[in-house]
Structures are given as structure tokens and as C-alpha cells.
Amino acid sequence: MASLQASNFLLSSSSSSKQIHAAISIPKLPSVRFPAPKLRQPTIQSEELNRKDGPINTIPIQNNVHSTPLVQQTSSVSMATFQLYAVLEAIADRVEMHKNIGEQRDNWNTLLLNSINMITLTAATMAGVAAATGVGAGVSVMGLKLASSVMFSAATGMLVLMNKIQPSQLVEEQRNATRLFKQLQTQIKTLLAVGSPCQDDVNDAMEKVLALDKAYPLPLLGVMLDKFPASLEPAVWWPTKQSPNSNKTLKNNNGWTRELEMEMREVVEVIKRKDSEDYERLGNKALNMNKVLATSGPLLTGIAALGSAFMVSSNSPWAATVVAVAGALASAVNTFEHGGQVGMVFEMYRNNAGFFKLMQESIESTLDECDVEKRENGELFEMKVALQLGRSLSELRGVAKKSSYSRIEGSSMDEFASKLF
């Protein structure tokens, strides 16, 4: 009995242990996997909240602590950068405007030239046909004479207007303005890429933009440049500045030496005595030629119009001859003036003279700066001057030496400072 009870006890204990193991292993497995999705669900919601509303709890406190001084520092340092980008936007708009208006005025020059020449030649032909037909044709001849007189009068008025505004010269003004605005745009981009701009750079850029607006105006009425001045005046498209003069002893720093200063002064003398003087002389010749042509064209068409009027009242063969000759000469003069773009040539000389004047003022203002540290680096400045004049550094120094020797010997120098123009 005892053995049976022991065996029953062992069996019951083993079965109970199996039941316990089964209760531990089998029922618990779903309970372990079941709460896992419940733990992921709040995580997904929290990530969505973080993406929508930003970090919560401690993270905004850290951002608020550190963001305020950084924003203030960035705004104080980069305000000049923002302003320069605004100036760049204005410059890009001006480049596009000058380009479009230049194309429009180039069309003016072509269309007006062709139209006036066609009107003039047609009127001369009609006057010649009317004179050759004679009196017997009656009313038809009278109509040709009247039409010829009207067309010559219209050509005279159109030619006076065209010579007044000089479309070819207007086109050259817009070309120069477009090029100079692009040059200023490149300078500002270089400053933004290389240096750290300040408020003085912003003010300087705005002054240059306004100076270009004044030098090359877009409107025709009121502010149009005088196309027939008394003499050539170099174009000025840069703001004028007062440079301080000083007799302070020069120290060898910032790339500047006494020899480099003497070289730059000699270059200025060569520009004054050779380049500027030569372009002013050529510009005055082009101006005088343009004045003669601008006066001759309307005068010849006016003579042809009067000759046509005399043909209406009389049948003089001399009137017809005067009309035909004057009309042909007017067409030739108009073609030479506007087809040859004499006004554009004058504007080109005026702009080149302004370029050399800018070079003179730039070098002189740099040399007049008493504090050498405030100057542009001497070696860099010398390289820029050489590039603007189309010379190497050795050639530039050679020109300065020749100028010095010619002044000492009292002889004239045949070489020009610039090799570009």
C-alpha cells in the first residue's frame, strides 16, 4: 500500500509538474507578444507629433536657449549680405532693361534709315517722271508733282527727328550701360564669394548703380544726353569721391614700394599725354563730321521739297534737276550718317575717353591715400592696371621707364599706355 501510495504520489506530482510547465510555457507566449503592438502604437503617434509640431518637452527648451543669440548674431553680420543681394536683383533688372531698349533702338535706326531713303528716292523718281512726261499729261503730272513735294516734306521732318535723337548713338549707350552693369554685378558677386561685406560696401554699390543710371539714362525726353555738345566730354559713370592728400612717409608694406608708386605715376602721365588726348581728338573729329551730316541731310531734302513746289507752279526744267540731284544727295548723306553709324563712333570715343579718365582717377586716388594699409594690395593693383591696359607686368614697367626717360630727355613718346583700344 505504501508503495502504491508513493507511486500514486509520484505520478500525481509528475502530472502536476507537467501541468505547471504547460501553464507556464503555453499560455504565457501570447501574453508576451500581445502587448508589443500596444507599445509601438504610441511611438508612431509621438513621431507624427514630433514631425508636425516639433520636439516636445526638453528639446524646445534647448532650442530656445541657444537660438536667440545665434539669430541675432546672424542678422547683425549678414544684413549687408542681404542688402547686396537686393542690389544684385536691381542690377539684373537694369541689365535686362538696357538690353531690351538697345535692341528696340537698333530697330529704330534700321527702320527709319530704310524708310527715309525709300521716301526720298521715290519722291525724286516721281519728280523726274513728272518732268519727263511734260505738260501734255495734264492732271496726272500735277499729281506726281504734288506727291513728290509731300514726300520730300515728310522725309525732311523724319530726318530732323532722326538726327536729333541719333538712334545709333542711343544703341551704343545701351550697350555700354549693359556691359558696365554686368561688370558691377560681377564685382559684387566676387565680394560676396571672397570677402565679408559691410555697410560701406553696400553704400558704395548703390552709389555706383545711381551713377550708371545718371550716365546712361533710359528715357528720351528731358534727360537724354546731348548728341551735339560743343566738344567731347569723357563719359563719367562712377561716383566722384574726395581723396585725402598727405605727405606721410611711405613704408614698405601691403605690397607697396616707392618704385611701384613712381611706376603708377608714370603710367598716369602716359595715359594723360597719349591715350586720353588721342581719343578726345578723334572724338571731336567724329562729332564735327556728325554735325555736318546731320545738318546736310534735312537741308537737301528741304531743297528738294521746295523744288517740287516750284515744279507745281511752273514747268522749269531746272527745278526738276534740282529736285532729282538734291534727293539723291540727301539719300547718300543719310545712308553715310546713319548706315555708317557716325553717332555710334562718337559715343565709342566718348566712352573710351571716360575709361581712361576712370583709370587716372583710380590710380591717383589710390596713391593719394595716406594710410598704405587702407590701399588695395600693391601687387594686385599693379596686375589689375596691366590687365585693363592689355599689357603684361614687364610691359607696363617698360612703358613707365620709357615715359620717365622721355620726360628727362625732353623728347616725345610714341607709345600708348593701352594696347586694347
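Bear in mind these aren't lab numbers, they're just calculated from the coordinates by the rules spelled out. This structure is a prediction, so every number in the text was calculated from the model and none was measured. Quick reminder, even Gly has a Cβ in these numbers, built from the backbone with ideal geometry, and neighbours come from all protein chains shown.
Observations on the structure shown:
- Less than 5 angstrom separates the built amide H of Arg375 from none of the residues sequence-distant by 5 or more or on a different chain.
- Karplus-derived 3J(HN,Hα), 6.51/-1.76/1.60, for each residue of the stretch 395-410, Hz, glycine and proline x: 5, 4, 5, x, 5, 5, 5, 4, 5, 5, 5, 5, 5, 5, 7, x
- Hz values of 3J(HN,Hα) by residue in the stretch 85-96 - Karplus curve (6.51, -1.76, 1.60), Gly and Pro given as x: 5, 5, 5, 4, 4, 5, 5, 4, 5, 5, 4, 5
- Cα gyration tensor shape of the stretch 247-357, rounded if a/c is under 1.5, else prolate or oblate by comparing a/b with b/c: prolate
- Here the stretch 309-421 has an Rg and Dmax of 26.6, 84 Å, counting Cα atoms alone.
- Our coupling estimate for the stretch 224-240, obtained by passing each phi through the Karplus curve with A = 6.51, B = -1.76, C = 1.60 and θ = phi - 60°, is 5, 5, 5, 7, 9, x, 5, 8, 6, 10, x, 5, 10, 10, 10, x, 7 Hz, Gly and Pro reported as x.
- If you sort the three axes of the alpha carbon gyration tensor as a ≥ b ≥ c, you get a/c of 1.5 or more for the stretch 105-193 and a/b above b/c, which makes it prolate.
- Distance between the modelled labels on Met289 and Thr335, one decimal in nanometres: 1.7 nm (7 Å Cα→Cβ projection).
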